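Remarks on the structure that follows.
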Amino acid sequence: MPAGRPTKYKPEMCEVVVKSGAEGKTLVGMANDLDIQRETLNEWMKVHPEFSDAVKEGLQKSQAWWEDQGRIATFGGTKNFNPTSYIFNMKNRFPSDWREKQDVDLTSSDGTMTPQIIERVIVQPKDADG
């Protein structure tokens, strides 16, 4: 028998995290609704595949909730909406979908990073006579 306290995990907790996500909550919000620590939530995700799936579903629902709120607010449905704050929140909360990414290609035309030698040849202009 492993040492430590017995787990408080119950399969019904999957429903709680999905519902929490549907309300726009984060992993911390889900853990709070379960009355557990965030670390416990992370551990349960490793040990219980059905719980891990429920948390992923909850996080997807959370993103959808936040995107719905932004869409509603954009068209005047939220008083005192702060679009800058909303964008900042979305970029930090959902970086895989809400980031500004700029790719800079530093390779030369031959596909290497080797600097190319550019040679300038100055030619004497021809006389108007010849």
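The values are calculated or read from the model by the stated rules, or taken from the named source; none is laboratory data. As the structure is a prediction and not an experimental result, all values here were calculated from the model. Methodologically, a virtual Cβ is constructed for each residue, glycine included, from the backbone with ideal geometry; neighbour enumeration extends over all protein chains shown. Just so you know, the surface numbers come from the protein's heavy atoms only, side chains and all, with ligands and any DNA or RNA stripped out. Shrake-Rupley method; radii C 1.70, N 1.55, O 1.52, S 1.80 Å.
Structure summary
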quantity	calculated
Residue pairs meeting the criteria (Cβ under 6 Å; at least 6 apart or on separate chains; first over 10 Å from Cys14 (Cα atoms) and in contact (Cβ under 8 Å) with a residue 12 or more places away in the chain, in the stretch 42-64; second in a helix (DSSP H, G or I) and open to solvent by 20 Å² or more (accessible area, probe 1.4 Å))	Lys61/Ala22
Residue within the stretch 71-93 that is of a type in the set (D, E, K, R) and in contact (Cβ under 8 Å) with a residue 60 or more places away in the chain present	yes
Selection within the stretch 1-34 - hydrophobic (A, V, I, L, M, F, W, C) and touching a helix residue (DSSP H, G or I) at 6+ places or on another chain (Cβ under 9 Å)	Met13, Cys14, Val16, Val17, Val18, Ala22, Leu27, Val28, Met30, Ala31, Leu34
Tally, over the stretch 34-89, of residues that are within 30 Å of Thr7 (Cα to Cα), out of contact with any Lys or Arg (no Cβ under 7 Å at 6 or more places or on another chain) and in a helix (DSSP H, G or I)	25
Output for the stretch 73-103, where each listed residue is polar (S, T, N, Q) and surrounded by 13 or more Cβ atoms within 10 Å (Cβ to Cβ)	Thr78, Asn89
Residues of the stretch 10-24 satisfying the condition of being open to solvent by 30 Å² or more (accessible area, probe 1.4 Å) and assigned to a loop (DSSP other than H, G, I, E, B)	Lys10, Pro11, Glu12, Glu23
Hey, Asn32 open to solvent by less than 70 Å² (accessible area, probe 1.4 Å), closer than 30 Å to Lys8 by Cα, polar (S, T, N, Q) and without any contact (Cβ under 8 Å) to a residue 24 or more places away in the chain or not	no
Residue list for the stretch 91-122, restricted to those being modelled with pLDDT under 75 and among the β-branched types (Val, Ile, Thr)	Thr107, Thr112, Thr114
Members of the stretch 53-66 found to be more than 14 Å from Thr26 (Cα to Cα) and surrounded by 16 or more Cβ atoms within 10 Å (Cβ to Cβ), listed by number	none
